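Beneath this line is the structure, given in structure tokens, with notes to follow.
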Amino acid sequence: MKRRAAEEAARRAAEQATAAQVEVDPRFFKRVMALVGENKRPVFTGLAGAGLLVAGGAMVVAAIRNAADPRGFFQDRSKWNEILGDLKLSAWDVWITYFSEVAPYWMGHGSETVQRYLRFELIGMFDELGRVATEISSTLTSLAWDVMDYDMKLVGLLLEAGTVFTVLLPFRATVPGKIALGAAATGFLKLLLDLMKEFAGKMKALDLKLETLGHKVFELRGLFSVGDGKLHLKPVGYDANLWVPVTKEHR
């Protein structure tokens, strides 16, 4: 009964966590790229009119290639939230199974050793995996929102620059018009470069964090692998002679 209740509680917690997650419009990125496609032509034309097409055009292409669909990162976040729910359920399953189906019927050094292992090692390892899963989920959430923020800022810059260039291009044959077009192109490229630098800085920080968390997962995976034969170590409570049935103990 306790085991079933624990399983249901863990499942409900996992379902609630999944239901509480933000859903992104599945057509968001398509709309972003459609807007990019509509506005990049006047931007390239304006850069060409200002004599900055070669360097400026390459920067615009690089900025567009940095755009990404944030839904993939949100979906990865959801997977890690599901893993978190599975970890909690697994920890409860191990705990309840042992203390409801094994401990009441077995005593002795083997039983005491397994109890200590569960209380002070295994459950702690499950908890640490849960913390790592939570951090990875949070990091992926930050990554998804940073990607979405970059996409929207990029569209905004292209839209604004395209509008300005469209207004100034008819006057590029005049000296004031040429100066204004050059200033607008230079200002746009500076803002675009700042956006790319800001995005690269965020991606670097999040990538380093994910790499560190990946190392933690690898280390914890190694701890869970003890006794699988690779290290030739004996699992806790392996010796059947160290287990004493409760009925025998009370004879």
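Once you put a point 7 Å from the Cα of Met152 and another 7 Å from the Cα of Thr45, both along the Cβ direction, what distance in nm separates them?
Taking the two extended label points, one gets 2.9 nm.
So how do 95-102, 205-212 stack up, highest first, on mean other-Cβ count within 10 Å?
Highest to lowest by the protection proxy: 95-102, 205-212.
In what order, largest first, do Lys79, Lys153 sit by accessible area if the probe radius is 1.4 Å?
Reading off the accessible areas and sorting them downward yields Lys79, Lys153.
What whole-number value in Å² describes the accessible area per residue of the stretch 43-142 for a 1.4 Å probe?
Normalised by residue count, the accessible surface of the stretch 43-142 is 50 Å².
Full extension from Glu112 to Leu213: what is 0.36 nm times the residue separation minus their Cα-Cα distance, to one decimal in nm?
Separation in residues times 0.36 nm, less the Cα-Cα distance, equals 33.0 nm.
Give me the percent of the accessible area of the stretch 20-113 that comes from carbon and sulfur atoms, probe 1.4 Å, all protein chains in place.
In the stretch 20-113, the share of accessible area belonging to carbon and sulfur is 60 percent.
Testing the spin-label approximation: label points 7 Å from Cα along Cα→Cβ at Ala200 and Met59. State their distance in nm.
Result: 1.2 nm between the two label points.
Residue by residue through the stretch 45-53, which ³J(HN,Hα) values in whole Hz follow from phi under the Karplus form 6.51 cos²θ - 1.76 cosθ + 1.60 (θ = phi - 60°), with glycine and proline marked x?
My calculation for the stretch 45-53 gives 5, x, 5, 5, x, 8, x, 10, 5 Hz in order.
Quick one: length gained pulling Phe99 to Ser142 fully straight, 0.36 nm per residue minus the C-alpha distance? Let's see the in-between values first.
Numbers: separation 43, 0.36 × 43 = 15.48 nm, distance 3.98 nm.
Length gained, Phe99 through Ser142: 11.5 nm.
Can you pick out the pairs among Lys178/Lys202; Lys88/Lys209; Lys30/Lys202; Lys40/Lys197; Lys153/Lys190; Lys40/Lys79 whose Cα atoms lie more than 25 Å from each other? Write out the running numbers ahead of the final one.
Working: Lys178/Lys202 36 Å; Lys88/Lys209 23 Å; Lys30/Lys202 23 Å; Lys40/Lys197 20 Å; Lys153/Lys190 14 Å; Lys40/Lys79 36 Å.
With Cα atoms farther than 25 Å apart: Lys178/Lys202; Lys40/Lys79.
What FRET efficiency would be calculated for the residue pair Arg119, Thr247, taking the C-beta separation as r and a Förster radius of 25 Å, to the nearest 0.05? Could the numbers behind the result be given before it?
On the way: r = 25 Å, r/R0 = 1.00.
The calculated FRET efficiency here is 0.50.
Report the gain in length on full extension from Val175 to Arg221: 0.36 nm times residue separation, minus Cα-Cα distance, nm rounded to one decimal. Don't skip to the answer; put the middle values down first.
Values: separation 46, 0.36 × 46 = 16.56 nm, distance 6.80 nm.
Full extension from Val175 to Arg221 adds 9.8 nm.
Given a Förster distance of 41 angstrom, what is the FRET efficiency for Thr186 paired with Thr134, based on the Cβ-Cβ distance and rounded to 0.05?
0.35
The values are calculated or read from the model by the stated rules, or taken from the named source; none is laboratory data. Not measured: the values here are computed from a predicted model. Cβ: placed from backbone, ideal geometry, glycine included. Neighbour counts: every protein chain shown. The protein model used for the area step is the full one, side chains on, heavy atoms only, and it has no ligands, DNA or RNA in it. Shrake-Rupley method; radii C 1.70, N 1.55, O 1.52, S 1.80 Å.
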